[in-house]
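Report on one structure; see the data block that follows.
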Amino acid sequence: MQRFDPSRPYNTLHDLPPQVDVETHRILKQCIEARTALAELKQAGRLIPDQGVLINSIPYREARDSSEIENIVTTTDRLFRYAATNDATADAATKETLRYRTALYEGYISLAERPLSTATAIAVCQTIKGTAMGIRRTPGTALKNEATGEIIYTPPEGEPLLRDKLSNWERFMHENVEIDPLIRMAMAHYQFEAIHPFTDGNGRTGRILNILYLISEDLLDIPVLYMSRYIVQHKDEYYDHLLKVTTEGAWEEWIIYMLNAIEVTSHWTREKILAIAKLIEHACEYTAREKPNLYRKEVIETVYQQPYCRISYLVEAGIAKRATASRYLKELAEIGILQEVQEGREKIFINPKFMDLLMHDEHEFQPYG
């Protein structure tokens, strides 16, 4: 292998697939474990009839932690509060993290219209950054060690070369079907990060593309795999393994790392989904007992779409007109399911138990009453 110089553009980045065995015994063993966990997660997601409950909740944690990997720090509470109020005074980190969630959702919707591609990556990155983003044209991009400032990697340069590498990345994902899709995802993620096609937002874009790829391969139904939690907890290993593929061709360790991330986070996300389903069922039973004249399952499911609920949510869902919707939410506050707060000119209803369940790693909740 040609000697790697981190200070020089890595224009000799090899196309995919690499000329090494990427289906070793160790890799295939871990791949089976990851596939099993992912299948269980997919099945668990179907236990909640209204998929909006999952689409509107778990991806916020993914957004928060994926942004934290890039040192963009906010809180889950801020994300839900500003998403519910559309408050323009949100801090910059919260705004950028909310754009991550939007990019994930819009990317998911786009899969119905076109396969995953370079165009998808550009659209995702533009949404994350909130500005027009194109493939890098100017030189000078280099990745540095945060502690020492030392250059550890300089990605390829030149728009034609980057587009050529992205074309290969795209073809590999869709054409090399003899390689298991989970292994392809791990390899494609390395390649995308090594190409580093944008001036900013590459890491977050790449992590969204991972989830979209699993959906496109029918391994997930909706974007709820919470992989950034694992990467935050093993951040140094993530970057070390990425770099060792470049410097040592260490594909096996990188692929195993990513497969393990899928397995671990699939188990964690499945347990979180089962806890959400249990909480919604408990809330339905509690409301039916405490407010039998109020109880309507669609009302409960709507207030569990997000931890912050507005009167307009029930109106827009066609459940009730504004006055009736307001009464529903106030009565749910009376029995402790919701908590009413004034937010500017409008009342916001917080769902404390749902918020706690989403904000904490544990999957337990205290019963109502």
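Can you tell me the FRET efficiency between Ala92 and Glu178 if r is taken as the Cβ-Cβ distance and R0 is 56 Å, rounded to the nearest 0.05? Walk me through the numbers before you get to the answer.
On the way: r = 45 Å, r/R0 = 0.81.
So, using R0 = 56 Å, E works out to roughly 0.80.
Roughly how tilted is helix 118-129, in degrees to the nearest 10 and between 0 and 90, from the longest Cα axis of the chain?
60
Counting pairwise Cα distances across segment 159-296, what percent come out greater than 25 angstrom? Write out the running numbers ahead of the final one.
Values: 3609 of 9453 pairs.
Value for segment 159-296 (Cα pairs over 25 Å): 38 percent.
Cα centroid distance between segment 92-147 and segment 159-192, in Å?
After rounding, the separation between the Cα centres reads 17 Å.
On C-alpha positions alone, give me the angle between the axis of helix 25-45 and the longest principal axis of the chain, in degrees, nearest 10.
Once rounded, the angle reads 20 degrees.
Taking only Cα atoms, what is the 0 to 90° angle, nearest 10, from helix 251-290's long axis to the longest principal axis of the chain?
Approximately 10 degrees, to the nearest ten.
Taking the Cβ of Leu294 as the center, what net charge do the other residues with Cβ under 13 Å away carry, scoring Lys and Arg +1 and Asp and Glu -1? Mind dumping the intermediate values first?
Values: positive: Arg289, Lys291, Arg296, Lys297, Arg327, Lys330; negative: Glu290, Glu298, Glu331, Glu334.
Local net charge: +2.
If I take R0 = 25 Å and measure r between the Cβ atoms of Leu274 and Val341 in this structure, what FRET efficiency does the formula 1/(1 + (r/R0)^6) give, to the nearest 0.05? Mind dumping the intermediate values first?
Values: r = 29 Å, r/R0 = 1.17.
E(calc), rounded to 0.05, equals 0.30.
How many lysine pairs are close in segment 25-271, with Cα atoms under 16 Å apart and the two 8 or more places apart or on different chains? Display every interim value, and only then the final one.
Values: Lys95/Lys129; Lys144/Lys235; Lys144/Lys244; Lys235/Lys244.
Step by step, the pairs that qualify in segment 25-271 add up to 4.
For Gln233 and Ala323, FRET efficiency with R0 = 30 Å and r from the beta-carbon atoms, rounded to 0.05?
On the way: r = 47 Å, r/R0 = 1.58.
Calculated value: 0.05.
Among (i) 15.5; (ii) 18.2; (iii) 19.2, which is the computed mean projected area of the Cα convex hull in nm²?
So the structure-derived entry is (iii).
Can you compute 3J(HN,Hα) from phi for each residue in segment 242-250, using the Karplus curve 6.51 cos²θ - 1.76 cosθ + 1.60 with θ = phi - 60°, rounded to whole Hz and x for Gly and Pro?
The phi angles translate into 4, 5, 6, 5, 5, 8, 10, x, 7 Hz.
Beyond 17 Å, how much of the Cα-Cα pair distribution for segment 272-359 remains, as a whole percent?
On the way: 1640 of 3828 pairs.
When every Cα pair of segment 272-359 is considered, 43 percent fall beyond 17 Å.
In nm, what is the difference between 0.36 nm times the number of residues separating Glu150 and Glu316 and their Cα-Cα distance? Don't skip to the end; give the middle numbers.
Values: separation 166, 0.36 × 166 = 59.76 nm, distance 5.29 nm.
Value of the extension gain: 54.5 nm.
Taking 0.36 nm per residue of separation and subtracting the Cα-Cα distance, what length does fully extending Ala288 through Glu248 add?
Values: separation 40, 0.36 × 40 = 14.40 nm, distance 6.17 nm.
Here the answer is 8.2 nm.
If the chain between Leu47 and Lys297 were fully stretched, how many nm would it gain, using 0.36 nm times the residue separation less the Cα-Cα distance? Intermediate values should be presented prior to the final figure.
Numbers: separation 250, 0.36 × 250 = 90.00 nm, distance 1.52 nm.
Taking 0.36 nm per residue and subtracting the Cα distance, the gain is 88.5 nm.
Ordered by packing density, taken as the mean number of other Cβ atoms within 10 Å over each peptide's residues, highest first, how do 143-152, 332-341 rank?
Ranked by mean Cβ neighbours within 10 Å, highest first: 332-341, 143-152.
Specify the inter-centroid distance of segment 204-236 and segment 324-369, based on alpha-carbon positions, in whole Å.
29
Where a number appears in this text, it was derived from the coordinates with a stated rule and is not lab data. Since this is a predicted model, take the numbers as computed values, not measurements. Positions of Cβ are backbone-derived with ideal geometry, glycine not excepted, and every protein chain shown enters the neighbour counts.
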